[in-house]
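Some notes on the structure that comes next.
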Amino acid sequence: MEQKQLTEPQKVLIRDNWQIVSQDQIHHGTVLFTRLFELEPDLVFLFQYNSSHFSNVQECLGSVEFTEHIRKVMTVIDAAVNSVDSLSSLEEYLTGLGRKHRATGVRVESFKTVGESLLFALETGLGELFTEEAREAWSLLYATVVSAMSCGWYREPQGD
Ligand code: HEM
């Protein structure tokens, strides 16, 4: 992945932060998506289960299916944190994941807002532990993940 490499101290910060946040992934993931829907409310309509979409954010956030999506998102972040030493191993998976998101109608630009919402959730969950250095490290990790996902918008599937 063509991003600036994370330094060893940045990796330590990410792992230390995540050890705390990952203890309650659904809670912190809910903070993330609550923020995301505040910033881009129309994203809620992209989540359709059984062919119908939610009529409002509260209905979405309270649903079992959406809670499952939060779990999926946190699992991907968990995988990225566990692979900070070898993020390129996730590249193919993330490109495929981007392609699936493109098919749901989400614009790649909205992932910038997801990034802001992730930083918001980390700051809310970690308080003073979320230092300026930690923010920088997470921004870099997230940028790497989104860079791989965004190939799913621009690159045709290979070999399938
Ligand atoms: C703009 C924000 C996002 C929107 C609108 C969105 C929307 C969706 C939708 C509609 C689905 C299919 C239904 C479902 O499985 O619940 C989905 C699946 C999924 N999403 Fe997202 N998503 C967003 C962000 C993310 C992020 C940031 C990640 C992880 C980094 C992620 C990870 C996943 C995964 C792992 C799946 C399951 C894919 C599969 O079935 O193989 N999503 N997403």
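What follows is calculated from the coordinates using simple rules that are stated; it is not laboratory data. All values derive from a computational prediction rather than experimental measurement. Methodologically, a virtual Cβ is constructed for each residue, glycine included, from the backbone with ideal geometry; neighbour enumeration extends over all protein chains shown.
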Gained length - Tyr154 relative to Arg102, 0.36 nm times residue gap less alpha-carbon distance: 17.7 nm
Between the DSSP loop rule and a limit of at most 15 other Cβ atoms within 10 Å, which trypsin sites (Lys or Arg not before Pro) in the stretch 62-160 are left? Arg107, Arg155
Per the 1/(1 + (r/R0)^6) rule, R0 = 41 Å and r from the Cβ atoms of Gln23 and His53, FRET efficiency to 0.05 is 0.80
Could you tally the net charge around Trp153, taking each other residue with its Cβ under 12 Å from the Cβ of Trp153, Lys/Arg +1 and Asp/Glu -1? +3
Full-stretch length increase - Val76, Tyr93 - with 0.36 nm per residue and alpha-carbon distance subtracted: 5.1 nm
Least to most buried among Ser22, Ser110, by other C-beta atoms within 10 Å and fewest first, runs Ser22, Ser110
Could you work out [θ]222 nm for the chain from helices alone, using -39500 (n - 2.57) per DSSP H run of at least four and dividing by all its residues? Round to the nearest 500 deg cm²/dmol. -22000 deg cm²/dmol
With +1 on the Cβ of every Lys and Arg and -1 on the Cβ of every Asp and Glu, the dipole magnitude of the chain about its Cα centre, in debye rounded to the nearest 20, is 340
Residue order, fewest to most beta carbons within 10 Å, for Met74, Met149: Met74, Met149
Selection of GluC sites (Glu not before Pro), the stretch 91-122, meeting DSSP coil and at most 13 other Cβ within 10 Å: Glu109
Count, lysine Cα pairs under 20 Å in the chain, 8 or more residues apart or across chains: 4
Of the trypsin sites (Lys or Arg not before Pro) in the stretch 1-68, those whose Cβ has at most 11 other Cβ within 10 Å and which sit in DSSP loop: Lys4
Per GNM of the chain with C-alpha springs under 10 angstrom, the most fluctuating residue out of Asn56, Asn17, Asn82 is Asn56
Can you bin the chain into rounded, prolate or oblate? Criterion: square roots of the alpha carbon gyration tensor eigenvalues sorted a ≥ b ≥ c, rounded for a/c under 1.5, prolate for a/b above b/c, oblate for the rest. oblate
